[in-house]
Structure formats: C-alpha cells, structure tokens
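Colleague: Supplied in structure tokens, the structure appears directly below.
The values are calculated or read from the model by the stated rules, or taken from the named source; none is laboratory data. Predicted, not measured: the structure shown is a model, and the values here were computed from it. Counting neighbours? That spans all protein chains shown, and the Cβs are built from the backbone with ideal geometry, glycine included. Quick note on the areas: whole protein, heavy atoms, side chains included, nothing else; ligands and nucleic acids left out. Shrake-Rupley method; radii C 1.70, N 1.55, O 1.52, S 1.80 Å.
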Amino acid sequence: MISGRHSDPMDYFYVSPKEIHGRIAVIRGDEFKHLTRVVRKKEGEQIVLLDGEDNSYQAVIRSIAKEHAECEILERNQRLNEPAVDVTLAVSILRNPARFDVLVEKATELGVRTIIPIVTERTIPKSEKHARLEKIALAAMKQCGRAWLPKILPLASFEEVLSRAGQFSLRLIPHEQSSVSTPIVSVPGKHAGSSSILIVVGPEGGFTEAEVAAAEQNGFLAVSLGPRRLRTETAAIAAVGWIIGNS
C-alpha cells in the first residue's frame, strides 16, 4: 500500500535503501544501537523507517539479533512531510562551526533538499566537517519525521554555484540593499516536483556588489529580508522558511 502521509505518533529510524529487501528491512549500526539500547524497542512494536530517498515505511519489529533487527514492512509512504517545492540552499561556510551546524539542522527541519557550502569573496576560510554535517542532517530528518535526507554537497565556489543556476526555476539572493521584499516574490508551482528553487546566502560580511551583479546576470532575483542586518544562519532560515511556507 502506498500513501502520502500518516499521522501515528511513532519513533523514526533510518534504514539504508540497500537494507530493504522486499517486505523486510534490516536495521544495523548506530540505528540498531539507538533502537535497542536508547529507546529499548522490543519485538512486535511498530516503528517508522525512513530511507532518506523520499520513502518511509510503517513497520513492525519481527526479530532482534546481536547486531541487527529485522522489520516487516506494513505500508510504504512517499514524500512523507515533504514540501511542494524542491529547495537548494547554497550558503557560505561560517567562522563558527557550531552556527553552521544549527543552520544545517534547521534547514533540514524546514524541508531543504540540498545544501551546498560555498566560499565567497568575504568568506573567512574554515574547513567544514562534511561527515559531521551529514550526521546532523540525519538526526534532524528523524526528529522532524521527513522522508528525504538532504544532500550536502562538497564545498564549492560562488562562481561554481552561478554556473549551475540555470537548472532552477527560481533563483534568489538575499541582499540587504534590495528593494524587493520576499512577500511579493511569486513562488512557482504548487505541486510536488513542479519547481526547483535555489537560494544563495552570503557570509557575515555579505556579498560584494560585484557578486550580486554577477548573480543578477545569471537570473537571480535580489530580495530583502527586512531592514536589519541578519547573521548568515538567520538569513538562510528566514528565506527558506518563507519560500517553503508559501509553496
């Protein structure tokens, strides 16, 4: 049986798509430890499995072994709790890694599909811990009960992002000097998969005028998030929240 959503308040667990075999799903590794040692689930209990690729499964635990648990799939759901538009967030890495961690967590909760850490002219060089960010996104996916695990792409330059921008139906670049406010931006498409949106957010010092001009030449619309200067993570969360909330 396939449906679009369910409302039962269950615990969510990640299962690799490779561990789904017909109507049997196998939980291993850290998820198995969480299942058995943290929340102490037992055989016969129902849970929700998320494969991170737009599928969720209502399942019942049939057996628990030493290093894995086998679950029987009762129902498959597609795009559980996913927004109507696909949003990619390209955002400057931050000097404080903890703030970027929060950004990834909240962007995942809000429904972003892809996150691209970027370097701009005013970005303060800092290494980004890719594996840690993926773990944060995974935890946030389970916490909010969505079906898609955001893809966190390798660090890219601002110019690289501009070169890929043509594939998106709407391209936005928040900029404090823009006279265009987000409430008057039309979000294209109201149905799943009908539109893709790219939001590019700069570092603490903001984008240079040359970067904004280059973005506009590549089809970006510069928009204002209000009269106040926002931190990078605040601007990213505000822009994503408005776009997805109005889709």
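Colleague: Please specify each residue of region 101-127 satisfying the condition of being closer than 12 Å to Ile152 by Cβ and out of contact with any helix residue (DSSP H, G or I) (no Cβ under 7 Å at 6 or more places or on another chain).
Modeller: Residues satisfying the conditions are Arg113, Thr114, Pro117.
Colleague: Continuing with this model, one more query. Considering only residues that are assigned to a loop (DSSP other than H, G, I, E, B) and in contact with a Pro (Cβ under 6 Å, 6 or more places away or on another chain), which ones fall in region 121-144?
Modeller: Result: Arg122, Thr123, Glu128.
Colleague: Something else now. If we scan region 113-120, do we find a residue that is open to solvent by 30 Å² or more (accessible area, probe 1.4 Å), in a loop (DSSP other than H, G, I, E, B) and more than 24 Å from Trp242 (Cα to Cα)?
Modeller: No - not one qualifying residue is present in region 113-120.
Colleague: With of a type in the set (Val, Ile, Thr) and touching a Leu at 6+ places or on another chain (Cβ under 6 Å) as the only criterion, which of Ile116, Ile136 stands out?
Modeller: Ile116
Colleague: So which residues in region 121-137 are more than 17 Å from Val200 (Cα to Cα) and open to solvent by less than 40 Å² (accessible area, probe 1.4 Å)?
Modeller: Hits for region 121-137 are Leu133, Ile136, Ala137.
Colleague: Here is a further query. Identify the residue in region 27-74 that is of a type in the set (Asp, Glu) and out of contact with any helix residue (DSSP H, G or I) (no Cβ under 6 Å at 6 or more places or on another chain) and, among all such residues, is farthest from Asp11 (Cα to Cα).
Modeller: Going through region 27-74, the residues of a type in the set (Asp, Glu) turn out to be 30-31, 43, 45, 51, 53-54, 67, 70, 72.
The next check asks that each one be out of contact with any helix residue (DSSP H, G or I) (no Cβ under 6 Å at 6 or more places or on another chain); those that pass are 30-31, 43, 45, 54, 67, 70, 72.
Working: Asp30: 15, Glu31: 12, Glu43: 14, Glu45: 10, Asp54: 17, Glu67: 20, Glu70: 16, Glu72: 15 Å.
Among those that are of a type in the set (Asp, Glu) and out of contact with any helix residue (DSSP H, G or I) (no Cβ under 6 Å at 6 or more places or on another chain), it is Glu67.
Colleague: Another question, if that's okay. Which members of region 223-239 meet the condition of being assigned to a strand (DSSP E or B) and open to solvent by less than 10 Å² (accessible area, probe 1.4 Å)?
Modeller: Residue satisfying the conditions is Val223 alone.
Colleague: So Glu176 clears everything in (1) at pLDDT below 95; (2) open to solvent by less than 40 Å² (accessible area, probe 1.4 Å); (3) over 23 Å from Glu105 (Cα atoms) except one condition, right? Which one?
Modeller: (2)
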